[in-house]
Amino acid sequence: MKRTSALFVSVLFGAALVGCDTELPDGTDPAAVTDPGHSVAPSANPADPSAKDEDATFFERDCGTYISVEAAAQAEAITAQILSAEGVDSGIQTMDLTRTVPVYIHVIGSTTNPNPVTTQQITDQMTVLNAAYLSTGLSFSLVATDVTVNNTWYTMGYGSTAESQAKAALRQGGKESLNLYLANIGGGLLGWATFPSDYAARPSMDGVVLLYSSLPGGSAAPYNLGDTATHEVGHWAGLYHTFQGGCAKTNDYVNDTPQEKSAAYGCPTRRDTCTRDAGADPTTNFMDYTDDSCMFTFTAGQTARMATMMTTYR
Ligand SMILES: [Ca+2]
Ligand SMILES: [Ca+2]
Ligand SMILES: [Ca+2]
Ligand SMILES: [Zn+2]
């Protein structure tokens, strides 16, 4: 087993957590279960345009990061107020996204799978992340990696007690630091993230959770080239899905991403779901749902939005 010197192993016993958290049995649809201990799985929200087809049996991208149209509009208004109070006109002034983000990676294993990713996969993930963000000015520097064996945290679901407990125990750094949690997450999700504007209310929850097998060389094909991290870090830096808000004018609050009615999967050659809005759907964009090999773009507008969000909140 290869380990860097920065890698250390802490073994935490899940016994103390039994009774605090209720995990869904394998194969259970979270939408069909009423469990006050869990937030409603965002993908199960009927208003969520990313909600998967009922009859979809194959593995397709599903991201847990969800914000309603109303909440997004509210968040936008708050950001505008903050910028206005600081004398910034975000319509005119362009902010700079150039900065190096300190990264802490928290690997969560189980007793049967105590170290689910290799050091090489972590190195490769950092390379993929830096390559994806090269044009934006944002770069990422790995500070430390830790490995925790905890059977409850290993299968954490979105909004679960396991998630908040794992994050409370493991998170490092301040609002500027990216914490990545790698686990065998539930709900059929590849990952989820918090937005920059979420930090103030719940700093310990800040970060990105990823299905460990989405790392480069993992088993989650066609989502095993490391762009689930790229996508979730996009949310962490303030981006919405390109299909956020559907064909509405405000859409994802980025002007140069054409409006998109719903998530695109696979590797579409041409798709245009909002015909009144000029331009084909942005299916090569990192913030859509296409295969890792087919997503490779951030736009100038997305870079500007990330700069505004990072400067305002991080
Ligand atoms: Ca747009
Ligand atoms: Ca269009
Ligand atoms: Ca890619
Ligand atoms: Zn997403």
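Coordinate-derived values only; no laboratory data. Just so we're clear, the structure is a prediction, and the values are computed from it rather than from any experiment. Backbone-built Cβ (ideal geometry, glycine too); neighbour counts: all protein chains shown.
Results, tabulated for the structure shown:
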{"item": "Distance between the range 148-172 and the range 209-224 - C-alpha centres, whole angstrom", "result": "19"}
{"item": "Cα gyration tensor, the range 163-314 - rounded (a/c under 1.5), prolate or oblate", "result": "oblate"}
{"item": "Near-label residues of the range 287-302 by backbone N, under 20 Å of a point 7 Å along Cα→Cβ of Thr269", "result": "290-296"}
{"item": "Under the Karplus curve 6.51 cos²θ - 1.76 cosθ + 1.60, θ = phi - 60°, whole-Hz ³J(HN,Hα) for the range 127-134, x wherever Gly or Pro sits", "result": "5, 4, 4, 5, 5, 5, 9, 3"}
{"item": "Difference of contour (0.36 nm per residue) and Cα-Cα distance, Asp146 to Thr118", "result": "8.9 nm"}
{"item": "For Val101, distant residues with modelled amide H under 5 Å away", "result": "Ser139, Phe140, Ser141"}
{"item": "Convex hull per residue volume in Å³, alpha carbons only, for the range 73-192", "result": "146"}
{"item": "Rounded if a/c under 1.5, otherwise prolate or oblate - the range 185-243, Cα gyration tensor axes", "result": "prolate"}
{"item": "Anisotropy class of the range 224-314 from Cα gyration tensor, a/c 1.5 cut", "result": "oblate"}
{"item": "Projected label distance in nm at Arg202 and Val88, using a 7 Å step from Cα toward the beta-carbon", "result": "2.5"}
{"item": "Label-zone membership for the range 111-135, site Asn184, 7 angstrom Cα→C-beta point, backbone N under 14 Å", "result": "111-117"}
{"item": "Using a Förster distance of 22 Å, the FRET efficiency for Gln74-Ser164 (Cβ separation, nearest 0.05)", "result": "0.40"}
{"item": "Cβ-derived FRET efficiency at R0 41 Å, Thr111 paired with Thr284, nearest 0.05", "result": "0.50"}
